[in-house]
Amino acid sequence: MTKPQIRVLIVEDDLVDRMACRRALAQDPNYEFVLSEAETGREGLQLAHAQKPDCVLLDYHLPDLNGLEFLAELSNDLGEIPVPVMMLTGADNALVAVEAMKRGAQDYLVKDVNRQYLELLPSVIQRVLRERRTLMEKKQVEENLVRAEAKYRFLVEQIPAITYTTALDASGKLLYISPQIRQLGFSPEELLAEPEGLLKQIHPEDQALVYTEIARGYESGEPVRCEYRLLTRTGEVRWFLNEASLVRHETGEPLFMQGVLIDITEDKEVEEELHKHRQRLEELVANRTMQFEKQTALLESANANLASKLIACTETGRALKEYADQFADLYHNAPCGYYSLGADGVFVQINDTALKWLGRTREEVVGKMSLTDLLTPSSGKTFLESYSRFKECGQLHDLQLEIVREDGTNQTVLLNATAVKGAAGRFVMSRSMMFDITDSKRAEQAMLL
């Protein structure tokens, strides 16, 4: 059976030490170590950039550079070491090796007189690579969370409501709040920095009710729905309908509370006015006098006003429903594809336009497939290679990809995406749009012919 390979670059000016490392690694029963060697630091840096080995064994004392200088020149613009480096140092340089680890080296071994360090060399290299893989997987998860949050923000910041997520702690600290919060006179940054978040703006008379409802939602897992008053920065009172629910991990573990605040101040004002009319009618009935005709006229007038208000309420409800239907239609039947990827890279949401392009159903895609499952091999590679840029800037612009439809045909698309991060910098979800450029791509190729 072919053993898996590990590519190792040995940067060591001592020929005897290099040969000893070769013999030690050649005896490992589990892996085949493919070695390349450099006698100087400069040569080692050239090979490290050109070959991109899995691991570098670095001697601290080199003719042209020492280990710390080598690490400084190997690091990228972000100060990161792109390849795991294990320092090899003499017994009198242990403190220097520890300093090297602070500057990016993954581990170190002390060259002892009896060369017993060579026995540890294969296992230490394997451990270093395992730790490196674990670190890269963690970064991948964080990047996936960023994309999910970006998609979430793109969607929620288009609706006429305040969208938020809160931590599951006693204070209910905000993890995210949409820019619509500015209608209360606050910026999202102000409330995100506030330990109590939006709870601090609840009207004193409504605080007990709100805290009780939120606690019930935390404990039971049931959706929260309640109406209460919030104070603007200037002290103005506004009524809001709060609808929130727990968001859980695929394992069932609660992650955070996500909700929507809808301004219902005008509805409350209409309701209050109707209440006043009903009170007035009761007074008229209680105080009827002999002038029955006059009272009847007042009653008819009040009834007319009441009917008008009821009609206004009905029209308002109908308009809100039409708006919601229009928003859903705009999302699902947009001329471009919208989708979201969860923390595991699997689709959590996709619009009808994208499903029609793919020739698939929502049941086939959501919760089961990832974007790379739908791309050609070359496009899948292109998409994965974009992660580093995506991590730096938090966005992807006009990334051209080839999608494989259910019938086996290809479709050329442009992908635009925004990475969304939580308050702790962890990935939440993606926010992505795809545009079909198949026809323009074909026309471009025809012109070249």
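Read the figures in this text as sums done on the coordinates, not as results from a lab. Everything numeric in this text was worked out from a predicted model, so none of it was measured. For neighbour counting, all protein chains shown are included, and Cβ atoms are generated from backbone atoms with ideal geometry for every residue, glycine included.
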Mean Cα-pair separation over length for the chain, i.e. relative contact order, pairs under 8 Å, 6 or more apart, %: 14 percent
Of the candidate values [x] 50; [y] 66; [z] 61, the one computed for percent of Cα pairs over 29 Å apart from this structure is [y]
In terms of the alpha carbon gyration tensor, root eigenvalues a ≥ b ≥ c, rounded if a/c is under 1.5 and otherwise prolate when a/b exceeds b/c or oblate, segment 343-449 is oblate
Convex hull volume of the Cα atoms in segment 5-115, per residue, in Å³? 95 Å³
Semi-axes a, b, c in Å (a largest) for segment 185-227, each sqrt of 5 times a Cα gyration tensor eigenvalue, come to 22, 13, 9
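Kindly state, as a whole number, the per residue volume in cubic angstrom of the convex hull around the alpha carbon atoms of segment 128-286.
Numbers: hull volume 24.1 nm³, N = 159.
Spelled out: Cα convex hull of segment 128-286, divided by residues, is 152 Å³.
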Give me the aspartates and glutamates in straight-line cross-link reach of residue 139: C-alpha distance below 15 Å, same-chain residues under 8 apart excluded. 80, 131, 344, 385, 392
On a C-alpha basis, how far is the centre of segment 27-84 from the centre of segment 183-205 in Å? Whole number, if you could? 52 Å
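Taking GluC sites (Glu not before Pro) as exposed when DSSP calls them loop (any state but H, G, I, E, B) and at most 16 other Cβ atoms lie within 10 Å, what is the longest stretch of the chain free of them, the sites themselves excluded? Don't skip to the answer; put the middle values down first.
Working: sites that count: 80, 157, 196, 236, 250, 406.
Here the longest segment lacking exposed loop sites spans 251-405.
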Which of 401, 231, 281 ends up with the largest GNM mean-square fluctuation for the chain, with Cα atoms connected below 10 Å? 281
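Count charges around residue 319 for me, please; just the other residues with Cβ under 15 Å from its Cβ, Lys/Arg as +1, Asp/Glu as -1. Before the final figure, lay out the partial values.
Values: positive: 318, 321; negative: 263, 266, 267, 315, 322, 325.
Here the count lands on -4.
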When the Cα centres of segment 213-234 and segment 324-352 are compared, how far apart do they sit, in Å? 28 Å
How about segment 211-267: which trypsin sites (Lys or Arg not before Pro) there are in a DSSP loop, with at most 13 other Cβ atoms within 10 Å of their Cβ? 233
Under 27 Å Cα to Cα from residue 294, which lysines show up? Leave out anything in the same chain fewer than 8 places away. 276, 309
